[in-house]
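The structure appears right after this line, and notes come after that.
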Amino acid sequence: MSNTSPILTSTEFVQQVLATRPSIAVFDCDGTLWSGDAGSDFFYWEIENGFVPPAVVPGILHRYKEYLAGRVDELAICGEMIQINKSVKLEQLQKAARDFFDQLVAPRIFPELQDLTWQLAEQGCEVWAVSSTNNWVIEAGAEAFGIPRERVLAATLEVEDGVITDRLLRVPTDELKQTAIEEVIARPVDAVFGNSMHDFAMLEKAKSAYAINPNPELAARAGALGWTVYRPKVG
């Protein structure tokens with residue numbers, strides 16, 4: 001099997017996916033629906049805008065630096081990056097996440113991916129978003145893609161009396177993305193879209209896998225497995 005994927009135009013890509021008429025489609029978010037890492041961006045944005053207690057900032061910045069150096073794993077840091085919001089009112093954080101998304105992430109949306117999700121929904125497809133970024137940002141972003149809040153599987157903390165706790169409910173990354181799909185969706189998924197090896201487990205289980213702007217390792221795997229590779233222009 002050739003490991004070279006044809007270069008698709010945006011129209012060809014959208015039509016190729018729609019032609020398969022999937023019943024359930026799952027999309028990773030950062031790097032797949034929009035360019036960049038909204039989770040990391042929100043982390044720094046929160047600190048800059050005073051949402052994180054000053055006493056907490058040095059410690060979490062050190063932990064993130066350790067993560068970037070490869071000394072803290074993805075699962076741990078994604079959890080810690082949302083636990084810094086302990087004791088914040090949910091309503092306040094949801095508003096902050098919407099403001100953040102509208103200002104900084106919305107301009108980086110891949111238009112053809114946005115068009116695709118809406119057209120899939122019009123075909124009757126059940127569209128889901130799965131991400132290791134916090135659920136407040138992903139839920140805000142999912143609205144732009146016609147994905148309802150109840151179909152977002154993201155890094156989540158328990159909420160008690162409208163206030164965020166530090167108790168983790170879910171951090172979907174790597175194999176845990178597929179675990180979340182199995183536990184919540186609990187049905188075979190027809191199409192999965194992702195951009196990195198953190199998405200490989202769920203891509204591998206899909207009937208049709210789509211690598212969107214894949215990093216080199218995922219691109220190599222996608223080529224070897226005959227998956228569709230599509231590269232939207234980076235916003």
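Readers should treat all values here as calculations from the given coordinates under stated rules, not as data from a laboratory. Quantities reported herein were computed from a predicted structural model and do not represent experimental measurements. FYI the Cβ positions are ideal-geometry reconstructions off the backbone, even for glycines, and counts take in every protein chain you see.
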Next item on the list: Report the calculated FRET efficiency for ASP166 and MET197 (r = Cβ-Cβ distance, R0 = 30 Å), to the nearest 0.05.
Entry: 0.60
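Can you tally the net charge around THR20? Count Lys and Arg as +1, Asp and Glu as -1, for every other residue whose Cβ sits under 11 Å from the Cβ of THR20.
Cβ neighbours under 11 Å give a net charge of +1.
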Next item on the list: Take peptides 143-156, 44-57 and line them up by average Cβ neighbours within 10 Å, highest first, as a rough protection proxy.
Entry: 143-156, 44-57
Margin query: Which one, CYS78, VAL130, GLY59, projects farthest toward the positive side of the charge dipole computed for segment 51-174 from Cβ point charges (K/R +1, D/E -1)?
Written below: GLY59
Margin query: I want the antiparallel fraction of DSSP beta bridges within segment 10-230, as a percent rounded to 5.
Written below: 25
Check: To the nearest 500 deg cm²/dmol, what mean residue ellipticity at 222 nm is calculated for the chain from DSSP H runs of n ≥ 4 alone, each contributing -39,500 (n - 2.57), summed and divided by the residues?
Finding: -12000 deg cm²/dmol
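So if each residue of separation counts as 0.36 nm, and I subtract the Cα-Cα distance between ALA106 and ILE7, what length gain in nm does that give?
Between ALA106 and ILE7, full extension yields 33.1 nm more.
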Check: Count of lysine pairs in the chain with Cα atoms under 24 Å apart, counting only pairs 8 or more residues apart in sequence or on different chains?
Finding: 5
Item checked: Among beta bridges that DSSP assigns inside segment 79-197, antiparallel share in %, nearest 5 -> 60
Margin query: If R₀ is 41 angstrom, what is the calculated FRET efficiency for the pair THR20 and GLU175, using the beta carbon separation as r and rounding to 0.05?
Written below: 0.95
